[in-house]
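Trainee: Please find one structure pasted underneath; my questions will follow.
Derivation of every value follows stated rules applied to the coordinates shown; laboratory data play no part. What you see is a predicted model, and the numbers here were worked out from it, not measured in a lab. No Cβ is skipped: glycine too gets one built from the backbone with ideal geometry, and neighbour counts run over all protein chains shown.
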Amino acid sequence: MSERLFEVYLTVCDKGSMTAAAQELGMTQPAVSGAVAALEKTYETKLFERKGKTIELTEAGRRLRQYSQTILDQYEMARKAVHEEKQETWCLIGVASSAADTILIPLMKSLDQQRLKWHTGETHELIAMLTDHKLDFCIADLNADETNLTYLPLYKEEFSACVSSSYYEDDTVAVSQLPEMNLLLREEGSGSRLCLEAVASRRSLELSPYVESKSDLSLIRMAENGLGLTVVPTRLIEKSLKKKRLHTVRIKGADFRRQYYLIYRTDMYLSDNLQSLIRTIRTVTKKGIQS
């Protein structure tokens, strides 16, 4: 079936008018009507109903609209696959902010000869970009179990709750004490914050951060200056622990570990180059966390 038919169909859906779609596409109105009629004949159903001077999608039309963009994306992916050896294309990789401080630089150094572009952001943002074909891959700590995405486990990141002795001297903190403490936390929905909130919710406690930040490093600096308790990747505080600027505290019942995944669209064509890229990413992230 012609790719053009789906392009015309989506334009009619967006414009809500055969005439407006024809103007948008530089076609005649009869040609647009003919394209819609061809789809209706193929699927043996009406896709639009006329309501006065306007048209509305039928239930079948709404269902086809959901799949039409995916069909067009498949056409584009097929073109890229066929001409892969004839052109160099950029691969766009998103890395969750929570992982960027520990794994992004090792990845960039190991893959510096590849045609790659990088984007850091929050996990929900990366997943949306991936679904909208604005990213090819992303590395994030969320497994949403969406059927249109594939999740390959990469590594587990360990987090630590830590403070400066000038703020809190003990090595343990009771869960009941958390609401009374100055909590220096990542943004809502981040891995480290979810770990802490899970512990509190089991005791029916609500946590209100004293400071909320998207940067682990800024939270570490604040904690070093005695401004409160934070939960950050353990790797990032190794120097602070050695220099006794911070010490870790145990929170009973807390499991400060998050699983990170390499995520991509299930319908994505994995060329030999992309499969090699996946293997390299899995190797580098494993070594990077263990080093």
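Trainee: Run the quick spin-label model on D112 and N225: label points 7 Å from Cα toward the beta carbon, then report their separation in nm to one decimal.
Mentor: It works out to 3.3 nm between the two label points.
Trainee: Right, here's the next one. I71 versus K214, label points 7 Å from Cα toward the beta carbon: distance in nm?
Mentor: 3.8
Trainee: What is the calculated FRET efficiency for N148 to D272, with r their C-beta to C-beta distance and R₀ = 25 Å, to the nearest 0.05?
Mentor: 0.60
Trainee: I would also like to ask the following. Take the cross-link list K109/K244; K15/K53; K252/K287; K134/K156 and give me the ones stretching past 23 Å between alpha-carbons.
Mentor: K109/K244; K252/K287; K134/K156
Trainee: Report the net charge of residues surrounding L262, where surrounding means a beta-carbon distance below 13 angstrom and charges are Lys +1, Arg +1, Asp -1, Glu -1.
Mentor: My count for the surroundings of L262 gives +2.
Trainee: Okay, which of segment 148-162 sit inside 12 Å, backbone N to the point 7 Å along the Cα-Cβ direction of Q259?
Mentor: Label zone hits: 151-157.
Trainee: I'd like the orientation of helix 191-201 relative to the chain: the angle between its Cα long axis and the longest Cα principal axis, in ° from 0 to 90, rounded to 10.
Mentor: Long axis of 191-201 versus the principal axis of the chain: about 70 degrees.
Trainee: So, R0 is 35 Å and r is the distance between the beta-carbons of A20 and L194; what FRET efficiency does that work out to, to 0.05? Could you put the intermediate results ahead of the total?
Mentor: Working: r = 46 Å, r/R0 = 1.32.
Efficiency, from the Cβ-Cβ distance: 0.15.
Trainee: Separate question: Using just the alpha carbons, could you tell me how many Å³ per residue the convex hull of the chain encloses?
Mentor: Spread over its residues, the Cα hull of the chain gives 178 Å³ apiece.
Trainee: Give or take rounding to whole Å, what are the principal axis extents of the alpha carbon atoms in segment 3-85, in descending order?
Mentor: 52, 27, 19
Trainee: Starting from the eigenvalues of the Cα gyration tensor, five times each then square-rooted, give me the equivalent ellipsoid semi-axes of segment 157-257, largest first, whole Å.
Mentor: Values: eigenvalues 71, 41, 33 Å².
The equivalent ellipsoid of segment 157-257 has semi-axes of 19, 14, 13 Å.
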